[in-house]
Amino acid sequence: MKKIALVSANNYQDPYPIYPIGISYIATYLHEKMPDWELEIFDFNLGDHQDLALFCRNGNFNYIGVSLRNVDDTNYYEQYCFVDHYRDVMKTIRENSSAVILMGGSGFSVFPDVLFDELGPDWGIQGEGEASICQLISALENRQDPYDIDGLVYRKPDGTVGINEHKQYITSLAFSVEPDTAHFYFEKSGMLNIQTKRGCPYGCIYCSYPNIEGHRVRLLDPASVVNNIQELNHSRGIDYLFFTDSVFNIHREYNRELATRLIESKVNVKWGAYFTPYNLTYEDLELYQKAGLKHIEWGTDSLSDIQLENYNKSFRFSDIKQQSLNASRLGIFHAHFMILGGYGETDQTLDQTFERSGELGLTLFFPFVGMRIYPRTRLYQIALQEGVIKETDDLLKPVYYLSKNVDIASIKDRALACGQRWIFPGFGSQEVIDRFRAKKKRGPLWEYLMY
């Protein structure tokens with residue numbers, strides 16, 4: 001029997017270990033489409049390089065797929081890059097296995113050409129990977145030409161890196177987890193992740209999501225999603241999930257059907273998701289709450305209409321205020337994720353954001369300082385034009401766009417002085433969350449930082 005291994009290379013656990021959802025979707029798909037193959041998973045949150053070496057030596061794998069979740073911590077104050085760790089992962093695999101190495105994941109998909117050169121896998125897959133990895137292995141096993149496979153990343157004869165576009169996407173996915181893995185993540189982070197849709201239709205100037213999942217939104221079959229949730233709850237005891245859609249409330253009709261199915265299933269699961277304060281009614285929030293919604297993480301970015309326009313957001317402060325007050329009225333915990341000092345920011349727009357933060361009900365603010373520059377985004381072009389970066393910069397080490405019209409050093413003090421709950425990275429909040437996590441509280445738990 002031939003063997004495949006999947007390696008989740010992520011070992012970053014701040015503020016908590018993130019369940020490797022991509023690996024689970026790939027593994028479930030491989031089990032379904034290639035039942036004659038044996039599959040094993042290695043997770044760097046559960047083992048180290050010595051464990052990986054032993055895993056590779058003993059496994060005698062034909063193929064090893066390596067998933068890269070992120071390339072850095074997206075924290076301006078720390079700027080911790082993960083690429084050195086990924087180099088060590090590849091070194092360990094090469095030294096202990098002769099398997100063909102395939103590479104993918106969201107981090108790889110943002111920098112497919114650069115990471116292919118930097119880390120040297122045999123093949124890569126950019127973007128959605130379930131169907132492509134099956135097609136690639138089948139082509140290699142049957143000595144067929146793989147070069148038309150969607151999302152394939154490969155070495156061209158002239159030495160450059162080729163990247164195929166995605167033309168077809170999956171609309172129905174099963175999802176299963178290993179019991180021991182599910183137990184570890186649920187105990188450590190208080191939740192597991194699941195998707196209901198892929199793709200993002202929005203055009204925020206800084207965002208890499210469309211490069212990872214594409215602009216076209218694909219709705220996963222709602223009946224299948226609910227069946228997956230029931231399975232996680234009944235067989236694994238999972239009673240809190242986070243929907244990792246780029247934006248949960250992209251498609252109102254689909255979400256209403258999903259919520260109705262969850263209610264009818266009577267599954268006892270609470271959940272949270274990323275929301276935009278747009279394309280949402282009070283009645284929608286009521287329905288979602290009945291279906292288990294407990295936490296909303298708003299992709300707000302700014303409370304200044306000038307900045308929202310600069311960032312190419314589809315909403316304005318009036319929308320943010322209305323949706324925040326709706327969530328507060330319903331008793332749904334909600335927090336705003338912000339960008340301070342990004343493109344176009346001035347001291348005036350920043351002051352307006354701080355002043356307006358008191359108008360949004362009982363909530364929290366999680367700020368990012370500056371904007372991480374990613375390739376193939378509008379911000380990348382702006383940074384090039386302004387001389388912030390050069391075309392030769394590979395951007396693997398974090399580079400941030402910081403407005404020259406803002407005193408960056410004063411941002412923390414100004415935020416904390418406005419009287420609202422602004423939680424900056426490393427602000428001491430982790431101790432509070434860890435304490436409640438030890439008491440078996442579920443979900444992201446940031447609501448305990450409100451008081």
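Values for this structure:
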{"read-out": "Tally, over the range 14-72, of residues that are aromatic (Phe, Trp, Tyr) and within 24 Å of the chain's Cα centre (by Cα)", "value": "6"}
{"read-out": "Extreme residue, modelled with the highest pLDDT, among residues of the range 403-428 that are surrounded by 18 or more Cβ atoms within 10 Å (Cβ to Cβ) and within 18 Å of residue 80 (Cβ to Cβ)", "value": "424"}
{"read-out": "Candidates 82, 111, filtered to the one that is over 22 Å from residue 25 (Cα atoms) and among the aromatic types (Phe, Trp, Tyr)", "value": "82"}
{"read-out": "Any hit, the range 282-293, residues being touching a strand residue (DSSP E or B) at 6+ places or on another chain (Cβ under 7 Å), assigned by TED's automatic domain parsing to the domain that holds residue 412 and closer than 30 Å to residue 408 by Cα", "value": "no"}
{"read-out": "Output for the range 127-165, where each listed residue is free of Cβ contacts under 8 Å to residues at least 60 places away in the same chain and in contact with a Ser or Thr (Cβ under 8 Å, 6 or more places away or on another chain)", "value": "144, 149, 150, 151, 152"}
{"read-out": "Residue match in the range 11-33 (condition: within 14 Å of residue 102 (Cβ to Cβ) and not in a helix (DSSP H, G or I))", "value": "no"}
{"read-out": "Tally, over the range 132-162, of residues that are in a helix (DSSP H, G or I), more than 20 Å from residue 119 (Cβ to Cβ) and not small (Gly, Ala, Ser)", "value": "3"}
{"read-out": "Count of residues meeting criterion [within 25 Å of residue 2 (Cβ to Cβ) and out of contact with any helix residue (DSSP H, G or I) (no Cβ under 8 Å at 6 or more places or on another chain)] in the range 165-188", "value": "3"}
{"read-out": "Condition check for residue 247: out of contact with any strand residue (DSSP E or B) (no Cβ under 8 Å at 6 or more places or on another chain) and β-branched (Val, Ile, Thr)", "value": "no"}
{"read-out": "Any hit, the range 375-396, residues being among the polar types (S, T, N, Q), within 30 Å of residue 330 (Cβ to Cβ), crowded, with 18+ Cβ neighbours inside 10 Å and in contact (Cβ under 8 Å) with a residue 60 or more places away in the chain", "value": "no"}
{"read-out": "Test: residue in the range 342-353 that is more than 19 Å from residue 309 (Cα to Cα), modelled with pLDDT of 95 or more and out of contact with any strand residue (DSSP E or B) (no Cβ under 6 Å at 6 or more places or on another chain)", "value": "no"}
{"read-out": "Some residue of the range 239-246 being over 17 Å from residue 220 (Cα atoms), buried (at least 21 other Cβ atoms within 10 Å of the Cβ) and outside the structural domain of residue 128 (by TED's automatic domain parsing)", "value": "yes"}
{"read-out": "Those residues of the range 82-122 which are in a strand (DSSP E or B) and either closer than 18 Å to residue 8 by Cβ or assigned by TED's automatic domain parsing to the domain that holds residue 403 (or both), in sequence order", "value": "101, 102, 103, 104"}
{"read-out": "Single unsatisfied condition, residue 76 versus (1) within 30 Å of residue 143 (Cβ to Cβ); (2) part of a loop (DSSP other than H, G, I, E, B)", "value": "(1)"}
{"read-out": "When residues of the range 18-39 are limited to those that are among the hydroxyl-bearing types (Ser, Thr, Tyr) and under 18 Å from residue 188 (Cβ atoms), the one surrounded by the most Cβ atoms within 10 Å (Cβ to Cβ)", "value": "19"}
{"read-out": "Members of the range 280-300 found to be in contact with a Ser or Thr (Cβ under 8 Å, 6 or more places away or on another chain) and either part of a strand (DSSP E or B) or polar (S, T, N, Q) (or both), listed by number", "value": "298, 299"}
{"read-out": "Residue match in the range 133-145 (condition: surrounded by fewer than 22 Cβ atoms within 10 Å (Cβ to Cβ), among the polar types (S, T, N, Q) and in contact with a helix residue (DSSP H, G or I) (Cβ under 6 Å, 6 or more places away or on another chain))", "value": "no"}
{"read-out": "Residue within the range 189-198 that is assigned to a helix (DSSP H, G or I) and within 25 Å of residue 213 (Cβ to Cβ) present", "value": "yes"}
{"read-out": "Qualifying residue in the range 103-119 (condition: on the phi > 0 side of the Ramachandran plot and surrounded by fewer than 17 Cβ atoms within 10 Å (Cβ to Cβ))", "value": "no"}
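The values are calculated or read from the model by the stated rules, or taken from the named source; none is laboratory data. Because the structure is a prediction, the values reported are computed rather than measured. Please note: Cβ atoms are built from the backbone with ideal geometry, for glycine as well, and neighbour counts cover all protein chains shown.
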